[in-house]
Amino acid sequence: MSKTSLALTLAALLAGSALARAETIEIGIGHQSTVTNTVPGGVILEKLKLLEKHLPKSGKYAGAEYKLVYQDYTSGPPITNQMLAGKLAFGVMGDYPLIVNGANFQKSGKNQSRLIMITGYNLKGTGNAIVVPVGSSVYSVEQLAGKQLSTPIGSAAWGMALKVLRDKGIYDKVEMLGQSPPVGVTNIAQNKIDAHADFCPWSEVMEFRGTGRKIFDGSEAGIPTFHGTVVTKDFSDKYPEIVQAYVNATMEAQAWIEKDPVEAATKVSEWTGIEKEVLYLYFSKGGISTFEGSMKAQWVEALKYDHGLLAKEKEIPPLDFDKWVDASFVKAGFKAAGKDYDAIVKTVVTNKPDDTSLPAAEVWFAEGGIKTYGSIKEATAAVKEAAKAGKKVNATYVYDKATGLKLFSNVAFFVEAEGKLSAFMKKGDADAFAAKAKGKLVSWGDITA
Amino acid sequence: MLAKTIEPGVTPPAQPPLQVVSPPRATPEAIEALQRSKPEKLHGWAAFLAVVASPSPLMRWTRRLLAIALGILWWHLAVKYQLNVIVKFDNVSSPAEVWASFVKQLNGKIFYRHLFVSLQRIAIAYCFAVSIGIPLGLLMGRSRIINDFVMPYVEILRPIPAVAWIPLAILMWPTEESSILYITFLGALFPIILNTVAGVQQTPEVLVRAARSLGARQGQIFRHVVLPAALPSIATGLSVGMGVAWFSLLAGEIISGQYGIGYFTWTAYHLIKYPDIIVGMLSIGFLGTASTFAVTLATKPFLRWQARAR
């Protein structure tokens with residue numbers, strides 16, 4: 001550090017500490033408690049009071065009073081609106097809304113926003129999905145030709161739906177409607193819409209409630225999906241230590257989920273109303289999301305792709321990614337935690353078929369918690385036994401043999417071949433496997449009856 | 001007309017402003033005096049103000065347009081100099097930006113579809129509201145029993161905002177379109193009912209008794225006394241109902257969509273496109289004003305008797 005900058009820093013510190021004595025610093029955080037990938041950056045911080053633990057209390061912050069304002073939304077754009085209005089400093093949102101945020105801040109030519117960390121991700125894009133009413137005769141995207149598909153416009157699910165319809169060449173044949181998650185979920189339950197594309201965790205919520213069935217998983221589109229935190233540049237220039245505290249606290253929240261997914265799912269469910277069985281599907285080992293904050297090259301690539309789509313379809317202004325993506329805080333956070341950022345940023349967790357490091361099935365008993373099984377057969381036996389004893393089973397989890405994706409058993413397709421059971425997310429895959437292995441297609445209801 | 005006679009510039013010298021007092025005898029001196037007392041020709045600001053204050057329809061329209069122009073100028077300046085006094089203008093789109101996106105929308109086809117779909121929804125929902133609201137209001141106004149049965153519903157349901165209806169409207173109605181129409185219909189319905197009831201109840205009892213003593217039957221009294229007396233109030237209800245229908249429509253169009261000016265505005269919000277949001281807002285404002293005006297025009301013939309009575 002040069003002499004002048006040292007002097008300036010000291011002067012700033014002194015001036016800061018003089019001011020700080022009476023200063024109340026308001027920290028506004030806009031989050032989405034019902035959107036699973038964002039929970040470490042919002043609702044967990046709020047409920048476990050993690051941010052308070054990390055906020056700076058010395059130097060220019062000595063004696064400063066903090067006023068934490070958590071605002072809960074069901075989608076990203078209203079948070080961006082609040083941030084542009086200068087009412088919130090931090091915003092946690094999904095990939096597409098993040099871009100809309102960055103691009104609009106940049107366009108304003110005044111205050112800017114910075115993407116500082118990732119709160120949760122899935123490399124292949126699971127989390128977004130297209131769901132049909134459970135009794136629908138539609139089993140693949142191709143069958144949607146001539147039908148209606150609703151999705152929250154401008155969301156990650158919308159981007160995925162656009163891509164898949166284009167890829168399959170049926171973009172002109174599907175009528176696309178804008179519907180927010182609560183509206184779409186109700187319409188699926190009421191059988192009033194042919195299909196609904198939504199982001200995490202709504203597809204799994206519909207599956208768990210038994211109202212909807214996935215016909216397309218985001219992983220098939222092959223574009224990562226993730227949520228992250230943006231902060232206004234004004235705020236991060238003025239209070240970099242607070243931004244660092246936020247990043248460190250969010251990393252602690254992420255570690256909290258990983259350490260005990262059952263506890264995390266139960267608690268977050270109490271706070272948000274999303275079913276704990278659905279949250280466990282996301283939180284658990286081998287589950288849908290990984291809660292790790294590093295700024296991987298894949299994320300930036302995906303954001304650039306998403307931006308291209310938004311610019312083309314909805315005329316979103318340009319975005320200078322080099323300025324907007326700022327990994328310095330998350331790097332410092334890993335360093336402070338004694339972890340090797342450079343190594344972590346290069347590794348990415350993803351599901352793979354027939355992963356032997358994971359149990360074949362997990363059963364969540366209402367009393368007794370989660371038990372793991374080496375084969376689906378064993379799990380079905382346990383479920384049958386529980387039914388006989390009048391014990392309630394909350395949920396059973398299996399893995400898609402085609403992709404390794406974790407699934408609820410009640411929506412999976414099973415193939416019985418050579419005395420073994422295999423699970424599939426999609427009927428097409430199950431049919432193909434059954435033909436190959438000379439097995440027969442069975443449902444969860446059949447094998448647990 | 002009275003206003004005109006006290007206007008100094010236009011008072012004909014031969015006609016004294018008030019004829020109640022007997023005029024002085026028209027001696028040549030008196031005429032001369034009168035002529036001398038005629039106001040001098042106005043100059044400068046005074047002349048300008050006289051023109052500005054002129055009650056001619058042309059001037060009134062000029063003033064209205066001027067008011068809008070001043071508003072737009074103020075908006076432009078507030079954005080340009082980033083006014084920040086309680087309300088902040090630093091991220092608000094300028095009138096030029098809004099105009100640019102408006103022109104862009106006009107050049108596309110889809111915007112007209114949005115407008116058309118909304119107008120169509122308003123027309124349908126409003127027709128239902130009128131054909132249910134007016135008869136119901138008349139019955140409630142004349143019958144205490146019907147009033148007692150219906151009024152509690154009106155009073156309880158009326159304060160519920162349109163957005164609060166969204167979840168139930170989706171559940172209850174078979175299609176998206178019918179949910180939207182229902183929400184719009186509710187918005188229009190209550191002002192129409194309440195104003196109709198008020199109009200009926202305001203009928204002077206003296207007139208009713210007079211008609212009855214002249215041998216009019218119940219139906220005749222209703223047709224010739226109550227209905228005409230209630231018409232002005234019903235007309236007010238129809239105008240207010242149209243206004244409320246428009247802002248309920250916006251809530252309804254959030255439910256679904258593809259088309260509709262409310263949907264257009266809502267989608268623009270989700271992509272943080274402020275100019276488009278303002279285009280949507282102003283379109284709703286203009287369409288709302290135009291349709292309220294249309295209602296006023298349509299009800300005018302029914303109110304003619306009232307103008308004669310004055």
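The values are calculated or read from the model by the stated rules, or taken from the named source; none is laboratory data. Model, not experiment: these values are computed from the prediction. All Cβ positions, even for glycine, are placed from backbone atoms using ideal geometry, and neighbour counts span all protein chains on display.
Points to keep in mind about this one:
- Checking A:Leu51 against (1) aliphatic (A, V, I, L, M); (2) in a strand (DSSP E or B); (3) crowded, with 22+ Cβ neighbours inside 10 Å, the condition it does not meet: (2)
- Considering the range B:194-289, there are no qualifying helices (runs of 4 or more DSSP H) wholly inside with 1 or more residues that are in contact with a Cys (Cβ under 6 Å, 6 or more places away or on another chain).
- For the range A:425-449, the set of residues classified as part of a strand (DSSP E or B) and among the small types (Gly, Ala, Ser) consists of A:Ser443 only.
- Test: B:Ser101 is in contact with an Asp or Glu (Cβ under 6 Å, 6 or more places away or on another chain) and in contact (Cβ under 8 Å) with a residue 40 or more places away in the chain: yes
- Members of the range A:117-137 found to be among the hydrophobic types (A, V, I, L, M, F, W, C) and over 12 Å from A:His196 (Cβ atoms), listed by number: A:Met117, A:Ile118, A:Leu123, A:Val134
- Residue within the range B:97-109 that is small (Gly, Ala, Ser), over 30 Å from B:Leu227 (Cα atoms), part of a helix (DSSP H, G or I) and at pLDDT below 95 present: yes
- Some residue of the range B:140-147 being out of contact with any Ser or Thr (no Cβ under 6 Å at 6 or more places or on another chain), surrounded by 12 or more Cβ atoms within 10 Å (Cβ to Cβ), more than 13 Å from every other protein chain (Cβ to nearest Cβ) and in a loop (DSSP other than H, G, I, E, B): yes
- When residues in the range B:164-178 are screened for being within 9 Å of chain A (Cβ to nearest Cβ) and among the small types (Gly, Ala, Ser), 0 of them pass.
- The range A:132-158 - residue that is within 12 Å of chain B (Cβ to nearest Cβ) and over 19 Å from A:Gly212 (Cβ atoms) and, of those, surrounded by the most Cβ atoms within 10 Å (Cβ to Cβ): A:Gly154
- Any hit, the range B:148-160, residues being surrounded by 13 or more Cβ atoms within 10 Å (Cβ to Cβ), assigned to a helix (DSSP H, G or I), touching a Phe, Trp or Tyr at 6+ places or on another chain (Cβ under 8 Å) and at pLDDT below 90: no
- Leading residue by the ranking (surrounded by the most Cβ atoms within 10 Å (Cβ to Cβ)) among those in the range B:183-210 that are closer than 17 Å to B:Ile254 by Cβ and more than 14 Å from every other protein chain (Cβ to nearest Cβ): B:Thr184
- First in the range B:254-267 and facing chain A (nearest Cβ under 10 Å), second anywhere and charged (D, E, K, R), Cβ under 6 Å, 6 or more apart: B:Ser256/B:Glu176; B:Tyr259/B:Arg113; B:Tyr263/B:Glu253
- A residue that is in contact with a helix residue (DSSP H, G or I) (Cβ under 6 Å, 6 or more places away or on another chain), within 30 Å of A:Val398 (Cβ to Cβ), of a type outside the set (Asp, Glu) and not assigned by TED's automatic domain parsing to the domain that holds A:Lys67 cannot be found anywhere in the range A:240-253.
- The listed residues are A:Asn101, A:Asn111, A:Asn81, and the only one of them that is surrounded by fewer than 18 Cβ atoms within 10 Å (Cβ to Cβ), within 14 Å of chain B (Cβ to nearest Cβ) and in contact with a helix residue (DSSP H, G or I) (Cβ under 9 Å, 6 or more places away or on another chain) turns out to be A:Asn111.
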